[in-house]
Amino acid sequence: MRTMTPKCKRHSSMILKSCKLHKFVLAYTRGANNSGAGGLGCEILKNLALSGFKDIHVIDMDTIDVSNLNRQFLFRASDVGKPKATVAASFVMSRVKDVTITPYYGAIQDKDQEYYMQFKLVICGLDSVEARRWINATLVDMVDIDNPESLKPLIDGGTEGFKGQSRVILPTLTSCYECSLDMLTPQTAVPLCTLATIPRQPAHCVEWASILEWPRVFEDKKLDNDDPEHVQWIYEQALHRAQEFNISGVTYSLTQGVIKNIIPAIASTNAIIAASCCNEALKIATGANPYLNNYMMYIGNEGVYTHTFEHEKKDDCPVCGNLATDFAVDPEWTLEEFIDRLKEQPEVQIKKPTLVTERRRLYYQGPPQLNEQTRPNLEKKMRDLVDNREEIAITDPGLPFSLRLNVIFS
Amino acid sequence: MLKIWSMKQQQQAASAAEGGQKKKKVTAAQLRAQKDLSELSLPPTIRMHMPDPEDILNFTLTIEPDEGMYKCGSFNFTFAINSNFPHEPPKVKCTQKIYHPNIDLDGNVCLNILREDWKPVLNLNAVIVGLQFLFLEPNPSDPLNKEAAEDLRLTRENFKRNVKNSMNGGYVKNVQFERVLK
């Protein structure tokens, strides 16, 4: 399904100029510091600017580290310590004419739906599952059936060593990030007891120092992976432990790598994935060619292998699978009456539902403490518990996941 | 008349804005925690408590084994579920200083499904059953408290005595433990 009508198809760089693309893209670059996603961000920003996108916003919560300089080519040694977003934006603007790049130094989660609503599409080069889930859920949530502009295509790129992937997500229309969460390889974790008793590798010593020793010594202080003093402390403890167990190989940079979960980033993998992401952005923006449907994986370990396939939407996806449906509610009903009506609905097989809204718990079947606390709500009128158009989320042993209803007062 | 009309317009604009604005949604992590919690089937030996009932992502659990070496004890754990649940396991800690091969003196718990074997299909019930199992069958081959594990491996009788002592607030090898008898 095409979301934008093609305006002219002959020469993309020409169209872009003549169409004067406004507010077209938001590129994130978060996290080069710890996974090479900032590497993606630099590439994406450069590609977008050179492809003719005119108004780009960039969000990144990290500052520049010396170790970034080998592949994050928008940064110089004198930039170390400065916010990535700001430096990248001004560098690209100084080199490419007629492009406006607005940096934001902070987390993507700082911005609300109104902010994301101003863009045509969103490109992500994030480094964490958590951030990806957040932006994905936000964009799915923004889709409003009465407003076609509320559907923002999401292009997600990711790299890990010689491997990478890019995908196009049309929120609520095609498979979303949450739909494919079970494809992620679980993080390999070493049993706690191995760390505590028989470390075998240098990484075990670092993990021991950060997971067990730090909380023991500094009970209430949280370990800050970006604080050199904290990292130094972990390094020293790990080194000491490694010597105790005759393990060699604990270094400061290994310590940093382990606690920040750094996966080696390879400049050319970033370049390949960023190129794919920007191609898709260009195709979606101009309609010059069909865009990726919807998942491309790239494996560069031995030669070059890519595979493109359509990842299917999951019916019971907690984010895009069961979108809220409208449900007519008489404001004078009690909650109990409302639940009874729900049970009568043949299409929802509900027996013992637990109901909540974003701001309050309506009724919990268990555990006993929550059941006792929410039981008085059963007598209350719906108008005193929920607002018109508020969403009620329902879980039930009979439902594989959850059901969402929009309350429409009649 | 004109004034009434403009007031009406204002009111309509206000209600449109209110109705048009979408309310916030419950997050996937919260929903999953809600489902797990409301479908828990706790045996009489386990109680759960929410210090802040508005926050279902943080709660405590009390286990009072009715058999085994830890019978008559009352053990408290904190559960902290983050926004990446169930992709990430809940963080579980014992709040008391106890003598147990799989729980260290700082309350860290070595239970495979809390770390290396966690899968999103597992639920809070599985974690709670796992915790209870640790008190019925302490496991000396995956020790977090090495001394306790060693004691258990060498002589079960001696270990049993140590457990009794420690639960009473006594010393085991110069370490004093918290009194946890109910």
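Pick out which of B:L154, B:L105, B:L136 has the largest mean-square fluctuation in a Gaussian network model of chain B, springs linking Cα atoms closer than 10 Å.
So, out of B:L154, B:L105, B:L136, the one fluctuating most is B:L154.
Looking only at A:F162, A:F119, A:F338, which one moves most when chain A is put into a Gaussian network model with springs between Cα atoms under 10 Å?
A:F338
At B:V129 and A:V96, where each label point lies 7 Å from the Cα along Cα→Cβ, what is the point-to-point distance in nanometres?
5.5 nm
Can you give the average number of partner chain beta-carbon atoms within 10 Å of each beta-carbon in peptide A:361-371, as a whole number?
Whole-number average of other-chain Cβ neighbours for A:361-371 is 5.
Between beta-carbons, use under 14 Å as the cut-off and find the net charge around B:D142, counting Lys and Arg +1, Asp and Glu -1.
My count for the surroundings of B:D142 gives -2.
Separation of segment A:211-241 and segment A:49-68 by C-alpha centroid, Å?
Value for the Cα centre distance between the two parts: 32 Å.
Using DSSP, restrict attention to beta bridges with both residues in segment A:325-409 and report what percent are antiparallel, rounded to the nearest 5.
70 percent
Please say if segment A:93-156 is rounded, prolate or oblate, where rounded means a/c under 1.5 for a ≥ b ≥ c the square roots of the C-alpha gyration tensor eigenvalues, and otherwise the choice is prolate for a/b larger than b/c and oblate otherwise?
Cα axes put segment A:93-156 in the oblate bin.
Kindly work out what percent of the DSSP beta bridges joining two residues of the protein assembly as shown are antiparallel, to the nearest 5.
Antiparallel bridges: around 70 percent, rounded to the nearest 5.
If each residue of separation counts as 0.36 nm, what is the full-extension length gain between A:E236 and A:N301 once their alpha-carbon separation is subtracted?
Going from the current span to full extension adds 19.9 nm.
What nm distance separates the two modelled labels at B:R47 and A:R341, each placed 7 Å from Cα along Cα→Cβ?
Between B:R47 and A:R341, the label points sit 3.9 nm apart.
At what distance in nm do the modelled label points of B:R153 and A:R383 sit from each other, each positioned 7 Å from its Cα along Cα→Cβ?
Simple spin-label model gives 7.1 nm for this pair.
Using a/c under 1.5 as the rounded threshold, could you call the protein assembly as shown rounded, prolate or oblate? The axes a ≥ b ≥ c are square roots of the C-alpha gyration tensor eigenvalues, and prolate needs a/b larger than b/c, oblate otherwise.
oblate
Once R0 is set to 45 Å, what does the formula 1/(1 + (r/R0)^6) return for the Cβ-Cβ distance between B:L181 and A:D326, expressed as a FRET efficiency to the nearest 0.05?
0.20
Please report how many Lys pairs in segment B:28-176 have alpha carbons closer than 26 angstrom, counting only residues at least 8 apart along the chain or sitting on separate chains.
Within segment B:28-176, the lysine pair count is 26.
Quote the FRET efficiency, to the nearest 0.05, computed for B:N82 versus A:Q373 with a Förster distance R0 of 22 Å and r equal to the Cβ-Cβ distance.
0.40
Distance from a point 7 Å along Cα→Cβ of B:K91 to each backbone N in segment B:111-129: keep the residues under 17 Å and list them by number.
B:111, B:114-116
GNM on chain A, C-alpha springs below 10 Å: top fluctuator among A:I155, A:I263, A:I284?
Fluctuation is largest for A:I263.
Round to the nearest 0.05 the FRET efficiency obtained for A:T251 and A:D224 when R0 = 22 Å and r is the Cβ-Cβ distance.
0.65
How much length, in nm to one decimal, is gained on full extension between A:N147 and A:Q118, taken as 0.36 nm per residue of separation minus their Cα-Cα distance?
Fully extending the segment from A:N147 to A:Q118 adds 9.1 nm.
Using mean Cβ contacts within 10 Å as the protection proxy, how do A:243-254, B:85-96 order, highest first?
Result, highest mean first: B:85-96, A:243-254.
Roughly how many Å is it from the Cα centre of segment A:136-180 to that of segment A:252-289, as a whole number?
Cα centroid to Cα centroid, the span is 16 Å.
Which aspartates and glutamates does A:K97 reach when only Cα atoms under 15 Å apart count, and residues fewer than 8 places away in its own chain are ignored?
Candidates past the 8-residue exclusion: A:D55.
Within 10 Å of each Cβ of A:389-396, how many other protein chain Cβ atoms are there on average?
Partner-chain Cβ atoms within 10 Å, mean over residues of A:389-396: 5.
Around B:N102, what is the net charge, scoring Lys/Arg as +1 and Asp/Glu as -1 over all other residues with Cβ under 15 Å from its Cβ?
Here the charged neighbours net out to -4.
Every read-out reported here was derived from the displayed coordinates using simple, explicitly stated rules and does not represent laboratory data. If you're wondering where the values come from, they're calculated on a predicted model, not measured in any experiment. Using ideal geometry, Cβ is built from the backbone for each residue, glycine included, and neighbour counts are taken over all protein chains shown.
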